[in-house]
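The values are calculated or read from the model by the stated rules, or taken from the named source; none is laboratory data. Treat the numbers as computed from the prediction; the structure is a model and nothing was measured. Cβ: placed from backbone, ideal geometry, glycine included. Neighbour counts: every protein chain shown. Calculation scope for accessible area: heavy atoms of the full protein, side chains included, ligands and nucleic acids excluded. Shrake-Rupley method; radii C 1.70, N 1.55, O 1.52, S 1.80 Å.
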Amino acid sequence: MNKNFYITTPIYYPSAKPHMGHAYSSIIADFFARIKKIQGYNVFFLTGTDEHGQKIQRAAEKANKDPLKFCDEISKTFKDLSSTLNLSNNDFIRTTENRHFKSVENLWNILEKKKEIYLSKYSGWYSVSDEAFYTEDEIENINGKKISKSSGSTVEWVEEESFFFKLSKWQEPLLKFYSDNPKFILPETRKNEVVSFVKSGLKDLSVSRKSFSWGIKVPSNKDHVIYVWLDALTNYLSALNYPNENDEKFKEFWPADLHLIGKDILRFHAVYWPAFLLAADIKPPKRVYGHGWILSGDEKMSKSKGNILDPIEIINNYGLDPLRYYLLKEVSFGNDGNISKDKLESCINSDLANNYGNLCQRVITFCEKNIGLEIPKFDTFNEDDLSILNNFDNNLKKLDQEVNNQNINFYVEFVVDQLFKANKYFNDQAPWGKKDEPDRLKTIVYVSLELIRKISILLYPIIPNTSLKVLNIFSINENEIKFDSISNNEYLRPKKKILKLDILFKKIENND
Ligand code: MSP
């Protein structure tokens, strides 16, 4: 079995500092990276910044800064955010790096050599904000302004010499690729949109611009810079040291297992990207998942609308793990979601403090008072014990399958359900009433500690800091967290010391 797993986030435009939408893409990717890691995969998790193009050039001009200096500063805020979010990424790529230039130039040269690119003239609509070309049908006139129907961003008329990629030629091969790889695009609804877009007819794609200079030059014609999306998408290869196809990293990790992106950039990833790759004789990625947006009120967040939610502010007020938990649990994955203070606070109080925090605190305090801070020796498990313990092993395969379909909601619901069940088990078994049955009392505590261990492992991809705090009391460190060990009902060794546990989550008092 191939035990490598390559996952990517989109690379972010450093045109302004990061917001909650960016944090969302990254946290979701981290969830998958961490779960694969504890399943024993050799994971490569990539994120970074997309630094070329007219959008960045204009933003730098507006700030009166040299574009590279401008990118250096803002890219750093994205890199810092990766640490603040506790991402487990292995690399952070910037498209202004040398390694990336080499990859893009190489891919361009292959496409040109294979006669997939030709020189002509582009005249049509362009949105600098989306870095996208739009046809007449895709734009509308609002208050005398031409805007893109899909994104609402302003478009401008562009007329210039341009290189074109023969996208039209790849219409049929793409349709065949989608039908041979029915899970290439998820969720299903988005796949249908893409397929009908491709079926409606693909036009050749302008892949160079002449009217500005901030980008990678076309190797054979330095008057042109390569279209920023062709440049940006190639980051997924350059981080693997492409064009060196003999490089171990490339051999191990390409094709990527999962490009996690927002739904607004699906066309670039699910149409243009596989077309470029097929044309260059490189395998397309295995999956592109287009998630929904984090809305501010009813609208997508954007700098121009001035409705940005700042992840750092929320983390400073509530902590990182509550934010991660909220985004993974409360946003139905694949759909748009919202962050509200009330819902976030209720998540912290009821799920994190009452459900998880309380379970850990109660069981460990009881253990300390009655047995001492060590794993008790247990007697035979009875039916109640086995029914709750085995529930994990019985569902592990299913959990794995659902995770492989990016069904985060199934995973989180399963964990929350186990938390409820574990609390109920402890209540129902009432070990405080079993002081004259010491073997049974110890067995109940043992089972409860096992439940805490299993649940904490499942929580690791969601709230890694807190999960580690709990696992540390059993002296399980990060490298020792194994998904498969959840099946083992007797992992904890009797007589082993347990460490004390501080309060995990403080409840938020509602003063309203
Ligand atoms: N630079 C391109 C991606 C190139 S990938 C080869 C880009 N950058 S972006 O900074 O505008 O957006 C990056 C990601 O953040 C996209 O997946 C986008 O969907 C996501 N989000 C931006 N705003 C968002 C929300 N409000 N909610 C959720 N994600 C959204 O596009």
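Restricting the search to region 151-163, which residues are among the charged types (D, E, K, R) and open to solvent by less than 30 Å² (accessible area, probe 1.4 Å)? Once the filter is applied, which keeps residues that are among the charged types (D, E, K, R) and open to solvent by less than 30 Å² (accessible area, probe 1.4 Å), region 151-163 yields only GLU160.
Of everything in region 20-58 that is open to solvent by 30 Å² or more (accessible area, probe 1.4 Å) and under 15 Å from the mean Cα position of the chain (by Cα), the residue that is nearest to GLU97 (Cα to Cα) is HIS22.
For region 171-184, the count of residues that are closer than 25 Å to VAL128 by Cβ, open to solvent by 50 Å² or more (accessible area, probe 1.4 Å), away from the ligand (no atom under 16 Å from the Cβ) and out of contact with any Pro (no Cβ under 6 Å at 6 or more places or on another chain) is zero.
Have a look at ASP223, ASP264 and point out the one that is under 21 Å from GLU160 (Cβ atoms) and either open to solvent by 20 Å² or more (accessible area, probe 1.4 Å) or not in a loop (DSSP other than H, G, I, E, B) (or both). Steps first, please.
On the way: ASP264 fails: under 21 Å from GLU160 (Cβ atoms).
Exactly one of ASP223, ASP264 is under 21 Å from GLU160 (Cβ atoms) and either open to solvent by 20 Å² or more (accessible area, probe 1.4 Å) or not in a loop (DSSP other than H, G, I, E, B) (or both), namely ASP223.
Among residues of region 472-488 being under 19 Å from ILE364 (Cβ atoms) and either outside any loop (DSSP other than H, G, I, E, B) or in contact with an Asp or Glu (Cβ under 9 Å, 6 or more places away or on another chain) (or both), the one that is least open to solvent (accessible area, probe 1.4 Å) is ILE473. ASN192 meets each of the listed conditions (1) surrounded by fewer than 16 Cβ atoms within 10 Å (Cβ to Cβ); (2) not in a helix (DSSP H, G or I) apart from (2). Contact map, region 472-496: residues that are among the β-branched types (Val, Ile, Thr) paired with residues that are open to solvent by 40 Å² or more (accessible area, probe 1.4 Å) and in a loop (DSSP other than H, G, I, E, B), Cβ distance under 8 Å, separation 6+ or inter-chain. Pairs shown: ILE473/LEU499; ILE473/LYS500. Considered as a group, the residues in region 95-117 that are closer than 30 Å to TRP157 by Cα and without any contact (Cβ under 8 Å) to a residue 60 or more places away in the chain include one that is least open to solvent (accessible area, probe 1.4 Å), and that residue is THR96. One residue stands out among those in region 1-34 that are out of contact with any helix residue (DSSP H, G or I) (no Cβ under 6 Å at 6 or more places or on another chain) and aliphatic (A, V, I, L, M): the one that is farthest from the ligand (Cβ to nearest atom), which is MET1.
For HIS269, indicate whether it is within 12 Å of the ligand (Cβ to nearest atom) and either under 30 Å from ASN465 (Cα atoms) or hydroxyl-bearing (Ser, Thr, Tyr) (or both).
Values: within 12 Å of the ligand (Cβ to nearest atom): yes; either under 30 Å from ASN465 (Cα atoms) or hydroxyl-bearing (Ser, Thr, Tyr) (or both): no.
So HIS269 does not fit the description; no.
Among the residues of region 197-219, the one identified as closer than 21 Å to ASP264 by Cα, open to solvent by 70 Å² or more (accessible area, probe 1.4 Å) and of a type outside the set (D, E, K, R) is SER200. Restrict the check to region 275-290 and report whether at least one residue is touching a Gly at 6+ places or on another chain (Cβ under 9 Å) and either in a loop (DSSP other than H, G, I, E, B) or within 12 Å of the ligand (Cβ to nearest atom) (or both). Within region 275-290 (the criterion being touching a Gly at 6+ places or on another chain (Cβ under 9 Å) and either in a loop (DSSP other than H, G, I, E, B) or within 12 Å of the ligand (Cβ to nearest atom) (or both)), the answer is yes, since at least one residue qualifies. Annotation note: of LEU46, LEU81, the sole residue that is within 14 Å of the ligand (Cβ to nearest atom) and more than 21 Å from ALA256 (Cβ to Cβ) is LEU81.
In region 302-316, the residues that are open to solvent by 100 Å² or more (accessible area, probe 1.4 Å) and modelled with pLDDT under 90 never reach a residue that is in a loop (DSSP other than H, G, I, E, B) and among the β-branched types (Val, Ile, Thr) with C-beta atoms less than 8 angstrom apart, at least six apart or across chains.
The set of residues in region 136-150 being open to solvent by 30 Å² or more (accessible area, probe 1.4 Å) and touching a strand residue (DSSP E or B) at 6+ places or on another chain (Cβ under 7 Å) consists of GLU138, GLU140, LYS145, LYS146, LYS149. The residue that is nearest to ILE486 (Cα to Cα), counting only those in region 369-385 that are without any contact (Cβ under 8 Å) to a residue 24 or more places away in the chain and assigned to a helix (DSSP H, G or I), is GLU383.
Determine whether ASP257 is at pLDDT 95 or above, away from the ligand (no atom under 11 Å from the Cβ), acidic (Asp, Glu) and out of contact with any helix residue (DSSP H, G or I) (no Cβ under 6 Å at 6 or more places or on another chain). The answer is yes for ASP257.
Yes or no: region 239-249 includes at least one residue that is polar (S, T, N, Q) and open to solvent by less than 40 Å² (accessible area, probe 1.4 Å). Full working, then the answer.
To start, the set of residues in region 239-249 that are polar (S, T, N, Q) comprises 241, 244, 246.
Those left that are additionally open to solvent by less than 40 Å² (accessible area, probe 1.4 Å): none.
Checked region 239-249: no residue is polar (S, T, N, Q) and open to solvent by less than 40 Å² (accessible area, probe 1.4 Å).
Of the residues in region 441-453, at least one is open to solvent by 10 Å² or more (accessible area, probe 1.4 Å) and out of contact with any strand residue (DSSP E or B) (no Cβ under 8 Å at 6 or more places or on another chain).
Does at least one position in region 237-248 carry a residue that is at pLDDT below 95 and assigned to a helix (DSSP H, G or I)? Yes, region 237-248 has at least one match. For residues that are in contact (Cβ under 8 Å) with a residue 40 or more places away in the chain and in contact with a Pro (Cβ under 8 Å, 6 or more places away or on another chain), scanning just region 283-301, find the one that is surrounded by the most Cβ atoms within 10 Å (Cβ to Cβ). Filtering region 283-301 for residues that are in contact (Cβ under 8 Å) with a residue 40 or more places away in the chain and in contact with a Pro (Cβ under 8 Å, 6 or more places away or on another chain), the one surrounded by the most Cβ atoms within 10 Å (Cβ to Cβ) comes out as TYR289.
For the list (1) open to solvent by less than 20 Å² (accessible area, probe 1.4 Å); (2) farther than 21 Å from LYS36 by Cβ; (3) in a helix (DSSP H, G or I), I need the number of the one condition that LYS469 fails. The number of the failed condition is (1).
Does SER127 satisfy the condition of being touching a strand residue (DSSP E or B) at 6+ places or on another chain (Cβ under 6 Å), crowded, with 19+ Cβ neighbours inside 10 Å and farther than 30 Å from GLY21 by Cα? Judged against the criteria, SER127 is not a match.
Just need a number here: residues in region 369-403 that are farther than 26 Å from ASP439 by Cβ, in contact with a Lys or Arg (Cβ under 9 Å, 6 or more places away or on another chain) and open to solvent by 20 Å² or more (accessible area, probe 1.4 Å).
0
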